[in-house]
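Student: Please see the structure below; I have some questions.
The values are calculated or read from the model by the stated rules, or taken from the named source; none is laboratory data. As the structure is a computational prediction, the values presented were derived from the model and not from experiment. So basically every Cβ, Gly included, is an ideal-geometry build from the backbone, and we count neighbours across all protein chains shown. Side chains are part of the model used for accessible areas, which takes the heavy atoms of the whole protein and leaves out ligands, DNA and RNA. Shrake-Rupley method; radii C 1.70, N 1.55, O 1.52, S 1.80 Å.
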Amino acid sequence: MVSVQDPPVTSPRPRRANPVLALLRNSWRQLTSMRTALILLFLLAVAAIPGSVLPQRGVNIDDVDRYFVEHPDLAPVLDRLGMFEVFASVWFSAIYLLLFTSLVGCVVPRLAEHWRAIRSAPPKAPSRLDRLPQHATIAQAIGGAEEIGAALRKRRWRVAVRGDTVSAEKGYLKETGNLLFHFALLAVIVGVGYGSSYGWHGNRLLVAGTETAFCNTLQQFGEYGLGPRVDAADLPRFCLELTDFNAEFLPTGQPSSFRATVRVDNGAPRGFSVNSPLRLDGANVYLLGHGYAPMIRYTDRYGQAQTAIAPFLTVDGMLTSEGVAAFPDANIDPKAGSARDPNAQVAFEGLYLPTAPDQPPYTRSVYPEERSPALMLWAYRGNLGLDAGIPGSVYRLDQRQVDNGRLKRVGEATLLRVGERMTLGDGSSVEFLGTREYATLSIRYDPGEKIALGGAAIGLLGLMLSLTGKRRRVFFRVTTGGSSLVEAGGLPRTDYSGFAEEFKQTVEAVERANEEGSVKR
């Protein structure tokens, strides 16, 4: 007899998960976790530190150039890392976008879950209320569960009545505050990104009382930055003329107020200060800085006089200032024609002291206001390097021309008071006529600032709700066997030190409602 065995039964092989999809799913879960969002937020704050410590090209290109001069070895390394354009760098943008994605992926599911929790009824009462952190009994229950629910509703509890049990809950504002805060953070990120894409800014120095107007074009800015979605033709058209500037200082030398007066498009004078910018159609004008522009008259050896109003940059809080007054068209022989001799150009490197000390050394001012103004000048003659085609700063000499001997110092440094004159060896002279005050203005347009401001306000509100909201639950059960009584229990869902007192007051309120119902009956 031949036995026939059934073929072995084999279970189907489980489907192997796609490793790429599994990696993407796990990466997304990690990215959208609250822990990752907090880490990215911390990294964004750390990444912004170099933008606050190091000079930025979009804010002041002169400070960046000065940093390269003072740190010739370190500056190129930092430049390759994008440290002078932190907020436009690839690595900062990467952190920014990752944080935005993480917050969206983290907050949106929590919003859906919170919405379901608000719309759902409080959970059923547990069978053993005496095991809850708070427990109490009311000896005589005149009313039923509906009366207890009505009493709780008056105290703004969310109530669900199920037969002889009552479930009530409070404190959803805590999670609402958390969500508001995180959505507000998203709004701030969107506002900053929108403003950087469609906004623009430019800085310009204006000397008061020179009747020289500045028009809002890229060619007239000292430095500027346009968003990637902005073209030069998008800038609003207006012209500014700085008619007056007033600075007041405390006895210690600290500034107490700065106020500039400008004329917009030849209209009526309009004033603004540091904390109160000038609001124009499509732009805001902010007051950034203040300083002095010495007026220097140079008379060359042929008797031709030229006057320069040269803004000097401040180097300390007492407005000690450094700058250059250049005369590239000086020493032209009228008999030989109007051709300019590049090797006979003259410039004066200066140190201006609004209040010079009574005795040497004259190295810094002792007060920022002009009480005893003095100007220290060093004369240079030669080729200023203006024809080399290499852009340079108008606030300092081209050091390359000095190093290669094409521009040489003439004579010794001389301190001039207002109205004093210095004569050079070739018979030419220079006279210090006085000063004009100047203001550094920043013209900006940021369409995302209102979004960011609204986000910040909502974020503050959400933070207050999150800190003050305490989620908690109370349960009541009416028993009628033998003698009627009400059993109560309370459960705080978060750390809430005052819950015991609130539970006691809630039970007393229910007891008073029972007594009032008994009187009415």
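Student: How large, in percent, is the carbon and sulfur part of the accessible surface of the chain at a probe radius of 1.4 Å? Mind showing how you got there, number by number?
Tutor: Values: 16220 of 29620 Å².
Of the solvent-accessible surface of the chain, carbon and sulfur hold 55 percent.
Student: Additional query: Order these peptides, 72-80, 130-138, 192-200, by their mean beta-carbon neighbour count within 10 angstrom, highest first.
Tutor: Highest-to-lowest ranking by the protection proxy: 192-200, 130-138, 72-80.
Student: With a probe of 1.4 Å, find how much accessible area the chain has per residue, and write the answer as a whole number in Å².
Tutor: With the other protein chains kept in place, the chain gives 57 Å² per residue.
Student: What angle do you read, to the nearest 10 degrees and between 0 and 90, between the alpha-carbon axis of helix 19-31 and the longest principal axis of the chain?
Tutor: 80
Student: Sum up the charges of everything whose Cβ sits under 10 Å from the Cβ of residue 166, counting Lys and Arg as +1 and Asp and Glu as -1, but leave residue 166 out.
Tutor: Here the charged neighbours net out to -1.
Student: Continuing with this model, one more query. Going by average Cβ density within 10 Å per residue, which order do the peptides 45-51, 98-104 take, highest to lowest?
Tutor: So the peptides 45-51, 98-104, ranked by packing, come out 98-104, 45-51.
Student: Hey, which lysines would be in cross-link range of residue 124, C-alpha to C-alpha under 19 Å, not counting anything within fewer than 8 residues on its own chain?
Tutor: 170
Student: Sticking with this structure for a sec: Cross-link candidates for residue 470: which aspartates and glutamates have Cα within less than 20 Å, leaving aside residues fewer than 8 places away along the same chain?
Tutor: The qualifying aspartates and glutamates are 113, 169, 175, 495, 501, 502.
Student: I've got another one for you. Report the Cα centroid-to-centroid distance between the stretch 170-187 and the stretch 275-339 in angstrom, as an integer.
Tutor: 55
Student: Here's another thing I want to ask about it. For residue 485, what residues show an amide H to amide H distance below 5 Å, using hydrogens built from the backbone and excluding near sequence neighbours?
Tutor: 141, 479
Student: Return the calculated 222 nm mean residue ellipticity for the chain, to the nearest 500 deg cm²/dmol, obtained by summing -39500 (n - 2.57) across DSSP H runs with n ≥ 4 and dividing by the residue count.
Tutor: -10000 deg cm²/dmol
Student: Give the label of the value calculated from the structure for mean projected area of the Cα convex hull in nm², choosing from (i) 51.6; (ii) 33.2; (iii) 25.8.
Tutor: Evaluating mean projected area of the Cα convex hull in nm² on these atoms matches (i).
Student: Another question, then. Order of 365-378, 297-310 by packing, highest average Cβ count within 10 Å first?
Tutor: Highest-to-lowest ranking by the protection proxy: 365-378, 297-310.
Student: Determine the sum of side-chain charges near residue 366: Lys and Arg each +1, Asp and Glu each -1, restricted to other residues whose C-beta is under 15 angstrom from that of residue 366.
Tutor: -2
Student: Can you tell me which lysines have their Cα less than 29 Å from the Cα of residue 450? Leave out same-chain residues fewer than eight positions away.
Tutor: Within the straight-line limit of under 29 Å, residue 450 reaches these lysines: 174.
Student: What cysteines in the chain have no other cysteine with a beta carbon less than 4.7 Å from their beta carbon?
Tutor: Unpaired cysteines in the chain: 106.
Student: In whole Hz, what ³J(HN,Hα) sequence does the stretch 86-93 give by Karplus (6.51, -1.76, 1.60; θ = phi - 60°), x for Gly and Pro?
Tutor: Along the stretch 86-93, the couplings run 4, 6, 10, 7, 5, 5, 5, 5 Hz.
Student: Hey, if we sort 312, 183 by accessible area with the 1.4 Å probe, largest down, what's the order?
Tutor: My answer, sorted largest first, is 183, 312.
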